[in-house]
Amino acid sequence: MKNVTKIALAGLLACGSMAASAFESDELVGTWCLYEKESAGKLESQQVNLTFNEDGTYDWMDTLTKKSGTWSVDEHNLILSDIGVQKVISVSDHRAVFMNDSTLKLRKESCF
């Protein structure tokens, strides 16, 4: 039974790696709503518009602040100049999940 569990876990990890490596930077261009943050098992609702521009700049806007910076991607990470490195968990046409100290969930639309 332990071997079956190890094989299943290895398969899940491999699929996660494939999803992250299949990620293309142009999939992020546009406005995304950061709607949920999970940290240490605690879920927090968020309302942050994160707009990735084609020129490699981004705008981070919530109800109180606006930040701008540059963004880029490497094999498995999203790099935001003023926010830091986010590990890419998954990106699709309408959803994205990133992780650093917490898990960030986004949907492709404006929060406001």
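The values are calculated or read from the model by the stated rules, or taken from the named source; none is laboratory data. If you're wondering where the values come from, they're calculated on a predicted model, not measured in any experiment. Quick reminder, even Gly has a Cβ in these numbers, built from the backbone with ideal geometry, and neighbours come from all protein chains shown. Protein only, heavy atoms only, side chains kept; ligands, DNA and RNA dropped before computing areas. Shrake-Rupley method; radii C 1.70, N 1.55, O 1.52, S 1.80 Å.
For residue 96, the conditions (1) open to solvent by less than 60 Å² (accessible area, probe 1.4 Å); (2) of a type outside the set (D, E, K, R); (3) more than 12 Å from the chain's Cα centre (by Cα) all hold with the exception of (3).
The residue list 96, 14 contains one member that is out of contact with any Gly (no Cβ under 9 Å at 6 or more places or on another chain) and at pLDDT below 95, which is 14. Give the residue that is nearest to the chain's Cα centre (by Cα), with candidates limited to residues of the stretch 52-76 that are more than 14 Å from residue 33 (Cα to Cα) and open to solvent by less than 40 Å² (accessible area, probe 1.4 Å). Residue satisfying both the conditions and the ranking: 71.
Between 43, 9, which is open to solvent by 60 Å² or more (accessible area, probe 1.4 Å) and modelled with pLDDT under 95?
Answer to the selection: 9.
Take residue 29 and decide whether it is touching a Phe, Trp or Tyr at 6+ places or on another chain (Cβ under 6 Å), farther than 14 Å from residue 104 by Cα and either open to solvent by 20 Å² or more (accessible area, probe 1.4 Å) or polar (S, T, N, Q) (or both). Can you show your working first?
On the way: touching a Phe, Trp or Tyr at 6+ places or on another chain (Cβ under 6 Å): yes; farther than 14 Å from residue 104 by Cα: yes; either open to solvent by 20 Å² or more (accessible area, probe 1.4 Å) or polar (S, T, N, Q) (or both): yes.
Answer is yes for this residue.
Among the numbered conditions (1) in contact (Cβ under 8 Å) with a residue 40 or more places away in the chain; (2) more than 18 Å from residue 26 (Cβ to Cβ); (3) out of contact with any His (no Cβ under 9 Å at 6 or more places or on another chain); (4) open to solvent by 80 Å² or more (accessible area, probe 1.4 Å), the only one that residue 103 does not meet is (4). If the condition is being out of contact with any His (no Cβ under 7 Å at 6 or more places or on another chain) and either touching a residue at least 24 places away in the same chain (Cβ under 8 Å) or assigned to a loop (DSSP other than H, G, I, E, B) (or both), then the stretch 82-100 contributes 82, 83, 89, 90, 91, 92, 93, 94, 96, 100.
Taking residue 88, is it within 20 Å of residue 24 (Cα to Cα) and open to solvent by 30 Å² or more (accessible area, probe 1.4 Å)? First the steps, then the outcome.
Values: within 20 Å of residue 24 (Cα to Cα): yes; open to solvent by 30 Å² or more (accessible area, probe 1.4 Å): no.
No: the conditions fail for residue 88.
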